[in-house]
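Contents: one structure, followed by commentary.
Only the coordinates and a few stated rules stand behind these numbers; no lab work does. Keep in mind that this is a model prediction, so the values were computed, not measured. So basically every Cβ, Gly included, is an ideal-geometry build from the backbone, and we count neighbours across all protein chains shown.
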Protein chains: 2
Amino acid sequence: MMNKLDKLNNFEFDVQKIKHMVDQLGSFGGCLQTGVSRTAYSSEWVLAQECIAKWSRDAGLNVRFDTVGNLWARIDGTERGKAIVSGSHIDSQCPGGRFDGALGVLSALIAISVLKEAYGSPRKPVELVSFCEEEGSRFPNAGFWGSRAIVGKIDPNDCDTVIDSSGESIGNAMKSVGFDPIRIAEAKRSDIAAFIELHIEQGPILEDANLPIAIVSGITHIRQTKVTLTGDSNHAGAFPMDIRLDPMAGFAEVVTRVIDHAQKLGRPAVTTIGKCVLDPNGAAIIPRSVTFTIDARHPDPTCAANLFETHKKILEEIAARRNLSLETMVQIDLPACLSDHNLMQSIELSAREAGIKTMHMASGAGHDAQQMSEICPIAMIFVRSEGGRSHTPEEFSTIDDIMAGIKVLAGSLYDLAYKM
Amino acid sequence: MMNKLDKLNNFEFDVQKIKHMVDQLGSFGGCLQTGVSRTAYSSEWVLAQECIAKWSRDAGLNVRFDTVGNLWARIDGTERGKAIVSGSHIDSQCPGGRFDGALGVLSALIAISVLKEAYGSPRKPVELVSFCEEEGSRFPNAGFWGSRAIVGKIDPNDCDTVIDSSGESIGNAMKSVGFDPIRIAEAKRSDIAAFIELHIEQGPILEDANLPIAIVSGITHIRQTKVTLTGDSNHAGAFPMDIRLDPMAGFAEVVTRVIDHAQKLGRPAVTTIGKCVLDPNGAAIIPRSVTFTIDARHPDPTCAANLFETHKKILEEIAARRNLSLETMVQIDLPACLSDHNLMQSIELSAREAGIKTMHMASGAGHDAQQMSEICPIAMIFVRSEGGRSHTPEEFSTIDDIMAGIKVLAGSLYDLAYKM
């Protein structure tokens with residue numbers, strides 16, 4: 001008797017159709033040839049969600065939008081019980097590419113459709129989800145907005161206070177495309193048995209390892225701290241070096257020390273200073289203050305705690321020695337989230353049966369799965385991304401790698417939802 | 001027989017009136033209680049120039065505006081010949097204070113008025129000048145606009161190409177207040193025998209030395225270089241430290257090395273990184289590029305050359321080692337300008353006769369005098385500035401220090417224009 005994946009391998013996947021779907025989804029908000037600018041609740045985003053909805057209906061799934069704007073497409077199970085869910089998001093950076101998020105939604109749709117076609121109704125309910133506003137690219141304070149609504153982590157006031165760069169509140173943006181912010185709490189779910197998210201890697205580790213996909217062992221602890229070092233602004237020419245209180249000198253020392261420290265720790269520790277604003281910002285003026293972010297990540301809880309503690313010591317030591325005033329504010333703090341052992345085993349087995357070599361890796365990026373872990377076991381599949389690029393129109397994954405990801409996802413969903 | 005300064009000391013200076021003039025001039029564009037925002041060719045600037053013109057006429061001087069907008073107020077000499085000139089500028093930073101520039105114009109006006117009242121017509125012509133747009137605070141590429149016109153260093157095309165932040169050309173701004181940009185070349189002078197500029201120090205050296213005024217030995221070489229370090233932008237979480245090309249890491253190393261170098265050289269070397277822009281500027285993204293300015297200054301030509309060469313080596317070494325691409329562009333390059341020995345001696349003698357202790361120092365800031373040195377010998381008098389502050393509403397000089405500066409300026413102008 002053929003195992004399930006022999007059957008799937010033999011007749012279910014239409015590769016040309018899948019390539020076409022990637023292109024078609026990428027056309028909503030398409031820009032810069034291969035780029036996508038598709039922010040939450042924009043008309044491009046509505047069109048993309050409706051496209052997914054149509055494809056899902058065509059495949060015989062029951063489609064609905066929840067009250068926050070997440071799209072769900074479901075096959076009921078022959079048994080009652082909690083659902084096996086897969087999906088990701090279709091909002092993008094501005095500009096982003098065609099794969100970040102979108103590939104996870106498409107892969108779940110294709111995997112579920114193929115399983116339904118091949119095996120009919122599952123034992124357990126199976127659902128596709130297309131989350132809204134994962135990136136926070138329109139509403140900077142609304143990252144993971146859709147998945148946070150599902151796990152019940154949105155404060156109703158956020159609908160009024162979270163605004164985009166034009167000053168529009170996220171509540172008004174929701175209303176303008178038909179979602180009622182007052183009903184946002186109704187998006188909460190407590191009937192999910194497992195969540196598997198397929199996503200592009202966003203780093204070069206799979207490319208270096210020459211492997212198509214990875215099984216994600218966990219999502220890193222992410223802490224973003226906003227730091228302001230303040231000294232004295234003075235004339236760049238008339239004020240001698242020996243009596244300056246120059247926050248730029250302190251900032252440079254902080255940057256060097258925290259980056260060197262992460263380099264010494266080695267993978268998977270990372271530390272990034274990606275944002276920096278001087279006040280004032282004039283060539284002939286010693287700045288009064290430098291405000292910057294330290295983005296520090298580690299998937300191991302103890303290592304993460306040590307990393308953050310080291311940063312605190314570096315900041316305090318440099319500020320004290322240079323007589324600069326120091327303010328810090330943690331802006332984002334997402335504790336590490338481990339993948340579920342059983343789900344990882346299911347993915348591993350599915351890959352082995354499909355003859356696809358994999359590796360384990362931690363995700364250095366945050367994902368909706370991290371939110372979903374509050375209500376169910378989660379796991380993730382990473383697909384190799386050319387040059388490790390993401391958040392750029394240059395994002396690219398080959399169709400072979402995409403097919404490897406979809407097959408392994410389908411096998412695992414079969415394992416979880418169909419197998420007796 | 002009394003010497004000239006005994007006479008001046010005894011009856012000429014009306015201290016209350018001078019305090020009142022500082023306040024009154026500061027009211028044009030006055031802001032933030034003690035601040036001034038008065039940009040070139042604005043209505044506040046026109047009112048301030050007209051106020052100086054009125055005071056000059058009241059003192060019996062012949063007043064005219066040249067074609068660029070500099071205000072001149074003259075007493076003819078009993079002999080023909082080149083003029084002895086003193087003055088500064090009345091445009092300010094936004095916001096600046098009441099003293100930077102304005103004090104040099106007022107001091108020249110008062111010194112010349114008092115000399116005229118006390119001694120009548122000079123032997124040589126004496127002139128007050130109030131330069132326009134020294135700061136470049138409205139037109140960033142038009143620093144020293146008025147004095148550059150006097151020395152014939154304005155390209156007529158600049159009137160169209162130099163624009164303010166609203167996009168208005170400096171030529172149109174000139175026209176709007178009655179100056180014809182086509183006639184700008186007529187502002188050139190070749191009949192100036194000497195130029196003495198009084199200015200606040202803009203640094204804390206006089207305060208540290210507990211002295212009211214200084215004689216400026218020269219103006220520092222100022223070089224502003226715009227630098228861009230470019231690497232690869234990638235995801236802050238998913239891209240391992242060991243394979244990043246992070247321009248922020250290179251930037252921080254450059255900042256530390258050039259600042260440390262200036263500190264080791266000691267006074268009067270200075271190096272400032274006052275401006276820095278990241279692309280992109282996002283907390284979770286390794287920047288693609290960091291663009292920043294290095295403002296480096298030294299009054300000694302050999303030391304300045306060594307300083308700039310060291311910066312070049314540091315940039316090239318760091319960029320090469322970190323595999324970052326490096327672009328540099330010198331934006332400002334004002335070679336050092338030495339004060340004239342005879343003018344310095346005249347100021348020195350004048351101070352000694354007035355019983356005022358002084359010191360010599362180099363100016364770390366650029367001044368109109370630097371431009372004027374292209375057509376005549378120059379010297380400068382610095383007046384102590386509280387806390388070394390400038391380019392801020394907090395600028396402050398005491399009336400005693402101001403009076404010391406005016407007396408010494410008057411004595412020196414007497415020496416140059418009146419003495420047989």
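What number, in percent, do you get for the relative contact order of region A:275-317 if the mean sequence gap of Cα pairs under 8 Å and at least 6 apart is divided by its residue count?
Computed value for region A:275-317: 26 percent relative contact order.
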Next item on the list: Report the residue, chosen from B:Gly69, B:Gly203, B:Gly97, that carries the largest GNM mean-square fluctuation when chain B is represented by alpha-carbon nodes joined by springs under 10 Å.
Entry: B:Gly203
Checklist line | Reachable lysines, given that their alpha-carbon falls under 16 Å from the alpha-carbon of B:Lys116 and they are not under 8 places away in the same chain | finding: B:Lys4, B:Lys7, B:Lys124, B:Lys407, B:Lys419
Item checked: chain A: angle of helix A:399-413 to the longest principal axis, Cα-based, in degrees nearest 10 -> 70
Item checked: Backbone HN-Hα couplings from phi across region B:185-199 [Karplus 6.51/-1.76/1.60, Hz, Gly and Pro as x] -> 5, 5, 6, 4, 10, 9, 10, 10, 8, 6, 10, 10, 10, 9, 8
Check: For the pair B:Gln345 and B:Ala209, what calculated FRET efficiency results from E = 1/(1 + (r/R0)^6), where r is the Cβ-Cβ distance and R0 = 30 Å, to the nearest 0.05?
Finding: 0.90
Checklist line | Compactness relative to 2.2 N^0.38 Å, alpha carbon Rg of chain A | finding: 1.06
Check: Counting pairs of Cα atoms in the protein assembly as shown, how many percent are more than 43 Å apart?
Finding: 46
Notebook entry, point to check: Relative to the longest principal Cα axis of chain B, at what angle does helix B:301-322 sit, 0 to 90 degrees, rounded to 10?
Noted result: 20
Next item on the list: Show which lysines lie in cross-link reach of B:Lys313 when reach means a straight Cα distance below 16 angstrom and same-chain residues fewer than eight apart are skipped.
Entry: B:Lys226
Margin query: I need the shape label for region B:221-334. Rule: rounded when a/c is under 1.5, else prolate if a/b > b/c, else oblate, with a, b, c from the alpha carbon gyration tensor.
Written below: prolate
Check: At a Förster distance of 51 Å, what's the computed FRET efficiency of A:Lys419 paired with B:Ser325, Cβ-Cβ distance as r, to 0.05?
Finding: 0.40
Notebook entry, point to check: Between B:Glu394 and A:Arg64, what is the FRET efficiency for a Förster distance of 60 Å, r being their Cβ-Cβ separation, to the nearest 0.05?
Noted result: 0.45
Notebook entry, point to check: At what distance in nm do the modelled label points of A:Ser165 and A:Cys94 sit from each other, each positioned 7 Å from its Cα along Cα→Cβ?
Noted result: 0.5
Margin query: On the rotation axis linking copies B and A, which residue of B comes nearest by its Cβ, and by how many whole Å?
Written below: B:Ala252, 2
Notebook entry, point to check: For region A:217-263 and region B:88-130, what is the separation of their C-alpha centers, rounded to whole Å?
Noted result: 43
Notebook entry, point to check: Please state the relative contact order of region A:221-334 as a whole percent: Cα pairs under 8 Å, 6+ residues apart?
Noted result: 46
Check: When the helices in chain A are scored as -39500 (n - 2.57) per DSSP H run of 4 or longer and the sum is shared across all residues, what 222 nm value do you end up with, to the nearest 500 deg cm²/dmol?
Finding: -11000 deg cm²/dmol
Check: Which of A:Val36, A:Val22, A:Val216 moves most in a GNM of chain A, Cα contacts under 10 Å?
Finding: A:Val22
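About its Cα centre, what dipole magnitude does the protein assembly as shown give when the only charges are +1 on Lys and Arg Cβ and -1 on Asp and Glu Cβ, stated in debye to the nearest 20?
That gives the protein assembly as shown a dipole magnitude of about 320 debye.
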Item checked: Between helix A:15-26 and chain A: long-axis angle, C-alpha atoms, 0 to 90°, nearest 10 -> 40
Checklist line | Computed over chain B: relative contact order in percent, which uses C-alpha pairs under 8 Å that are six or more apart | finding: 22
